[in-house]
Each structure stands twice: as structure tokens, then as C-alpha cells.
1. Treating only the Cβ atoms of Lys and Arg (+1) and Asp and Glu (-1) as charged, compute the dipole magnitude of the range 127-247 about its Cα centre; round to the nearest 20 debye.
2. Mind checking the per residue accessible area of the range 266-387 for me, 1.4 Å probe, whole number of Å²?
3. Mind giving me the FRET efficiency for ILE363 and ALA316? R0 is 30 Å, r the Cβ-Cβ distance, nearest 0.05 is fine.
4. Angle between the Cα long axis of helix 65-75 and the longest principal axis of the chain, 0 to 90 degrees, nearest 10?
5. Just the number please: accessible area per residue for the range 96-199, 1.4 Å probe, all protein chains included, in Å².
6. Using the Karplus curve 6.51 cos²θ - 1.76 cosθ + 1.60 with θ = phi - 60°, work out ³J(HN,Hα) for each residue of the range 121-130 in order, rounded to whole Hz, and write x for Gly and Pro.
7. Run the Debye formula on the Cα coordinates of the range 15-156, all scatterers equal and no solvent, and tell me log10 I(q)/I(0) at q = 0.09 1/Å.
8. Using only alpha carbon positions, build the gyration tensor of the range 140-265, then give the equivalent ellipsoid semi-axes as the square roots of 5 times its eigenvalues, largest first, whole angstrom.
Amino acid sequence: MKNRLLRNPFIIFSPFLVYYCYYIFKHKWPKLYGDEIRYVDFAHNLIHGFYSPKMPDINLWNGPGYPLIITPFIALKIPVLCVTMLNALFLYLTVVFLYKAISIVGNYKIALVLCILLALYPNAHSILPLLYTEAVTFMLVAGLVLSVTLYYHKDSTFYLILSGFILGFIILTKIIFGYVILICLLVGLASLLFKEHRDTFRGPVKIIAVAFLVASPYLVYTYQLTGKVMYWGNAGGMSLYWMSTPHANEYGDWKAPSLSNSQYPKAFRSAEVTKILKQNHLKEFKYILKHNELDEDRLFKEAAIRNIKQHPLKFAENYYYNVSRMLFNFPYSYSFQNGAVVKNILIGSLLFWTSILALIITIINWRMIIHPIRFLLFVTGIYLLASGALSSYPRQLDVMVPVFIFWFGFLAGKVKKPELRF
């Protein structure tokens, strides 16, 4: 009985829950900051019975997943600090879910070591005090890892539906997954035509089909607003535009429509930088921002595609910088890099080189790789490739870290250690 209690992840990791609450209490800003304002505004919209204003003033900058979670708390006028404490629960459950998943495919000792490392992951701590989507996405991805593992382990319809529901809610929370899962579905359906791939793709196609059913009410809503089929949001155009910038010293990171550099704490904020940004982009922005939000998104995409066609090598260079930002949190346009870069390089390098080693081992031992890992790596790979084409930061990579940890845990438990002979 005592051993069972000591192996209970809810008990093992409970000190981290206390620490996360303390961390949020210590670091939470007294006022709403950055994207927090937008999420709270969406919650107020839901309280009043709608999500986005009607045309021509639509606002579909992000999906409704996270606003749906915080709406009851905002409606009850619970203090923002208390709402933010949900992030402590989300990160705690992330660690618990992952421990359970790794214990199924590996052993509890490996699960314990890896999940303690995850619980101490500095990038996860940095998003704790923010009403951002990353903490809940972290938990949802870990929940998906566990539910997919249980689906294949038990061959259970319940876990099939649960996996699809979680994946659908991930789509509603991070709308880029709408495009990612569509690509995965098309590849999966095409693969079902070949007998040798049916066992691999039959389960994923079912899970993705359920996910689309979960997300379909939102797609119906956006169709009624915009008249466009499969319209997930209107933020992608501007992000792609900044990724396509052909100008020197601009590395694909997002800038505000005011064309200032002020959203980064360590950025150059001089009038000279603003002047350069306006020289490079003001003409385009003046024309595009005259239109409604739907047309703005379209025009930014057209401008981005035009830039990419005219300067393909610069886009490839920005893509490279984007990958660097996801891993190491630099470089940023017109910005100093501070001492935190060393820490970011150490963390990013550890994740990068461990993933390379794991990929080599996976390719060599492909026949022993279980279906949950094949499916999760497939989704993760498409997501990261798509994220590289839009302005991205460490938090875009961090939400998939539970998949990497699960992958490493499986390989650590299953791959035979080499025998050295002299």
C-alpha cells in the first residue's frame, strides 16, 4: 500500500503544484499584459453571447478554446491572479499525465526522472504567470499523449473518442493545428490506399475525424461570419508577411501594426528603428490597413507570397532564423541579445541534440516504434514545419515538449544498451 502511494504521480508531483502557485503569485503582473487583454476580451464577448463582432469588424485572431475555459471565471468576476492560478494546475497535470503515459510504454523510474526534468523546465515556468494559451496547450498535448497511448494499449473506443476530443480542443486553442490536422488527414487517407500502411494510419484517421467533428461548430460559425469554408482565423496573413520580409536586419519576427520595435523588452526602441521600419513597410501597411479585417488577412498573404517569390533565399534565411528563435529565443530584428541567450542555447541545444539522437535511433529501430509514437511524431513534425513558416518563438516549440519527453522515455526503456568489448 505504501509503495502504491509513493508511486502515485498525483502525490509525487504535488510539491511542484505548490511551487507553481507560489511562482505565479510572485511574478504575476498587477495589470493585464500583451495577449492577455485579447483573451479576456474574447471571454467578455462569450459572456454576451457572441465570439467575434460581425463583418466588417470580425476578430478571429485566435480560436475560442482558451476563452471558453476562462469565461466562467471572468463572468464571476474572480480576480485575474486567481484565474492565472489555473496555469499551476495545467502544468502539474501535464507532468502527471506524462508520467502515466511513459510508465505504460517504459518503466516508472525513467518516467520519474524525465517528468521531474519536465516539471523543472524553465520555459514552462516563464509562461505560468501569463493568461496565455501555452499552459493549457501543454496540458492538452500531454493529455493527448496519454489518451492515444491508452487507446492503442487497450483498443478502447472510449479512448479513441477522448483522443479525438482532446485533439479537437487543441485545434480550437491553437488554430494552426486546424491546418496541421487537415494535412495529416489527407496524408492518412492517401496512405490507407496502400495495404502496408493501413495498420499505421487507420487509428490516426479515426482520431482526426473525431477532432474535426469537435472543431466543426467553430468552422460553421466562421463560415457564417466570413462566407469562407475552413476559415480558422485572420492572424496568419500578417505573421506570414513578417516572415517574408526581404529587408536586411529583419529576421521574420512579428512587429506591431504601428511599425515600432517596442514589443520586445531588450529591443532597440529608438526613433531610428521606427524610421527604418516605416521606410520598409509603411506604404504596404497604409494600403492594407484601409480594408476590413478579412481583406487585410488576404492582402497580407498576397504581399507575403509576392515577397517569397521575389526573394526566396531571404525567406529561407528567415525560416532558419525562425527555427533558431523556437530553439534558442534569438535572433530578433534590431534587438540586443542579453545574457539569457546562454541559458536559452543550453536548453535548446539539449533538446535539439537529444532529438537528433532519438531520431537516428528511431529510424534504425523503426519496426519496434509503437503506433502512438508514430502518430504523435507525425503530427508534431507537420506542426513544427508549419510553425517555421510563421513568426514563431520558444512557446510554439514548448507546447510539443511533452511529445518529445514521451518519445525519449519510450526509447530509453526499450532500446538495448550497446555492449562495449575491449
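1. The calculated dipole for the range 127-247 is roughly 200 debye.
2. 57
3. It comes out at approximately 0.75.
4. 80
5. On the way: 4150 Å² over 104 residues.
That works out to 40 Å² per residue.
6. 4, x, 5, 5, 5, 5, 9, 4, x, 10
7. Once normalised to I(0) and log-transformed, intensities are -0.34.
8. On the way: eigenvalues 235, 58, 51 Å².
Listed largest to smallest, the semi-axes of the range 140-265 are 34, 17, 16 Å.
The values are calculated or read from the model by the stated rules, or taken from the named source; none is laboratory data. Quick caveat: nothing in here was measured; it's all calculated off a predicted structure. Positions of Cβ are backbone-derived with ideal geometry, glycine not excepted, and every protein chain shown enters the neighbour counts. Side chains included, ligands, DNA and RNA excluded: accessible areas come from the protein's heavy atoms. Shrake-Rupley method; radii C 1.70, N 1.55, O 1.52, S 1.80 Å.
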